[in-house]
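Here the structure is laid out as structure tokens; the discussion comes afterwards.
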Amino acid sequence: MDKYKYLIRGGKPLNGEVEISGAKNASVAIIPAALLVNGVCRIEHIPNISDTEMLLRIMKCYGAKIRQVNKTTVEIDCRNVHLSDGAYDMMRKIRASYYLIGAQLGRFGKAKTTMPGGCNFGVRPIDQHVKGMTALGAQVEVCGGYICCETPEDGLKGANIYLDKISVGATMNIMIAAVLAKGRTVIENCAKEPHIVDLANFLNSMGADVRGAGTDTIKINGVRELRGGSYSVIPDQIEAGTYMAAVAAAGGEVLVKNVIPKHLDCITAKLREIGVEIEEKEDAVLVRREGQLRHTNIRTLPYPGFPTDMQPQISTLLCLAKGTSVVTESVWDNRYKYVDELRKMGADIQVDGTVAVIQGGTHFTGAPVTACDLRAGAAMVIAGLCADGLTELEDVEFIERGYEDFIGKLRALGADIMRLTDPDQPEQEDSMCTAG
Ligand code: EPU
């Protein structure tokens, strides 16, 4: 696979309209969950990114028939699926492969997956997923880099599960596994992200009985079978937030279209606090920045708190603000690797554990830098858009795993950004670390 880099010449404001794609973190659960469906699911608004493409390839290994209706609509026919050993190399590359545990268990009563991949920001345990599957009656063993699960003859049985830690992945994975289990499952201390509600809506539209998604208690009454149906994925809250932060950094006025403004409340509130003008429309937000940005303090939290997946982008923005800001990352232990890259462009940020102290007033200067992971990469693009001179950003495949047509959308807003093959980087079969 060719390696690419982005060349960004900063200093151009962003103006116009941008259309937000379907949510990555909903799609990466919904695609594996289609394995439960004994019929054809038509899914619209799947973002055209490499993580969803990889998951669709994985689904084919189980015998799913995939018909790409258009760029963002697929039909997945799982009427004749079977267990398979063919997908392990692909599973290793994506975090969301953990949803195949719940999906295989639900459909086949057995599951084997690799340990999930994913962006490397510290320890990423899956003990809460294992706790949930075990409570439903599965025997889970981790050996040789694989997670192997078996269920008793009579299959999974509903259970009460209290999550010790609020986890998006564990909430969704247990939900997927429980949909076809016998009886009632109650998951408490659930995550409440919009993509959790979206997964529940998808499952319900296929015939499941999932209630309470979006609150901290989800109740699932097991059903015998899921049939086919049609579903449209919600817009990507983080993609929208990233464009909002980009406009705030580069200046200009952009209508961010195809959003659910309510899902953006946590981002909108902080951007307004630092001086960004945001007008909410029915399914769009108009973002404008003319004056000086103000400092603030931010703590990342599970939804409806400020999302960790916006932390690198907003921290970059706070470098431009007047005064000192304090950002506390309370979801992940180690999500500040990008700070070293940002310093190469002039940022003044001190990190101590999960706290970053950002001295504002930076004027970024272009530099050769690296995208350490998906959101870190987006943050480097934002810095490049408002930097003096040329920014050369490497390892951009991380970005392309989570943002559909990032370059095309930014160019349409007036950004001077190009994607080139990177002759300095050796060709790779595929990178090991991925989005999410
Ligand atoms: N945790 C545990 N045990 C578990 C699971 C999680 O201790 O079994 C801890 C984690 O270590 C972390 C916290 O709980 O400290 C939250 O983790 P969570 O399970 O919620 O994260 P995830 O499901 O692995 C998803 C997104 C991430 C996003 C987080 C938090 C996907 C594929 N990934 O990860 O997205 O940061 O939720 O919202 O949905 C991204 O899109 O850039 C991204 C990293």
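Structure values in brief
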{"quantity": "Filter pass, G63 being in contact (Cβ under 8 Å) with a residue 24 or more places away in the chain, out of contact with any strand residue (DSSP E or B) (no Cβ under 7 Å at 6 or more places or on another chain) and more than 16 Å from the ligand (Cβ to nearest atom)", "calculated": "no"}
{"quantity": "Region 361-393: number of residues that are crowded, with 20+ Cβ neighbours inside 10 Å, of a type in the set (G, A, S) and closer than 22 Å to T328 by Cα", "calculated": "6"}
{"quantity": "Residue among I58, I31, I46 that is touching a helix residue (DSSP H, G or I) at 6+ places or on another chain (Cβ under 9 Å), buried (at least 23 other Cβ atoms within 10 Å of the Cβ) and not in a helix (DSSP H, G or I)", "calculated": "I46"}
{"quantity": "Lone qualifier among V179, V186, V140, V197 - being in contact (Cβ under 8 Å) with a residue 40 or more places away in the chain and either in contact with a strand residue (DSSP E or B) (Cβ under 8 Å, 6 or more places away or on another chain) or farther than 15 Å from K219 by Cα (or both)", "calculated": "V179"}
{"quantity": "Residue within region 229-250 that is at pLDDT 95 or above, out of contact with any helix residue (DSSP H, G or I) (no Cβ under 9 Å at 6 or more places or on another chain) and crowded, with 19+ Cβ neighbours inside 10 Å present", "calculated": "yes"}
{"quantity": "Test for G11: is it of a type in the set (G, A, S) and assigned to a loop (DSSP other than H, G, I, E, B)", "calculated": "yes"}
{"quantity": "Cβ pairs under 6 Å, 6+ apart, first in region 158-173 and closer than 13 Å to T185 by Cβ, second polar (S, T, N, Q) and more than 8 Å from the ligand (Cβ to nearest atom)", "calculated": "G158/T185; A159/T185; Y162/N189; L163/N189"}
{"quantity": "Tally, over region 403-436, of residues that are part of a loop (DSSP other than H, G, I, E, B), at pLDDT 95 or above and either within 16 Å of the ligand (Cβ to nearest atom) or farther than 22 Å from V254 by Cα (or both)", "calculated": "2"}
{"quantity": "Given (1) more than 24 Å from the chain's Cα centre (by Cα); (2) surrounded by fewer than 18 Cβ atoms within 10 Å (Cβ to Cβ); (3) of a type outside the set (S, T, Y); (4) under 23 Å from G361 (Cβ atoms), index of the condition R299 fails", "calculated": "(1)"}
{"quantity": "Any chance P312 is modelled with pLDDT of 95 or more, within 16 Å of the ligand (Cβ to nearest atom) and outside any helix (DSSP H, G or I)", "calculated": "no"}
{"quantity": "Qualifying positions in region 260-309 - within 16 Å of the ligand (Cβ to nearest atom) and free of Cβ contacts under 8 Å to residues at least 24 places away in the same chain", "calculated": "none"}
{"quantity": "Sole residue being buried (at least 17 other Cβ atoms within 10 Å of the Cβ) and among the aliphatic types (A, V, I, L, M), chosen from L100, L83", "calculated": "L100"}
{"quantity": "Unique match (being touching a Pro at 6+ places or on another chain (Cβ under 6 Å) and either acidic (D, E) or not in a loop (DSSP other than H, G, I, E, B) (or both)) among A376, A383", "calculated": "A376"}
{"quantity": "Test: residue in region 25-44 that is free of Cβ contacts under 8 Å to residues at least 12 places away in the same chain, farther than 30 Å from G291 by Cα and of a type outside the set (S, T, Y)", "calculated": "no"}
{"quantity": "Residue, nearest to P32 (Cα to Cα), within region 165-202, restricted to residues that are among the β-branched types (V, I, T), more than 15 Å from the ligand (Cβ to nearest atom) and crowded, with 22+ Cβ neighbours inside 10 Å", "calculated": "V179"}
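The values are calculated or read from the model by the stated rules, or taken from the named source; none is laboratory data. Quick caveat: nothing in here was measured; it's all calculated off a predicted structure. So basically every Cβ, Gly included, is an ideal-geometry build from the backbone, and we count neighbours across all protein chains shown.
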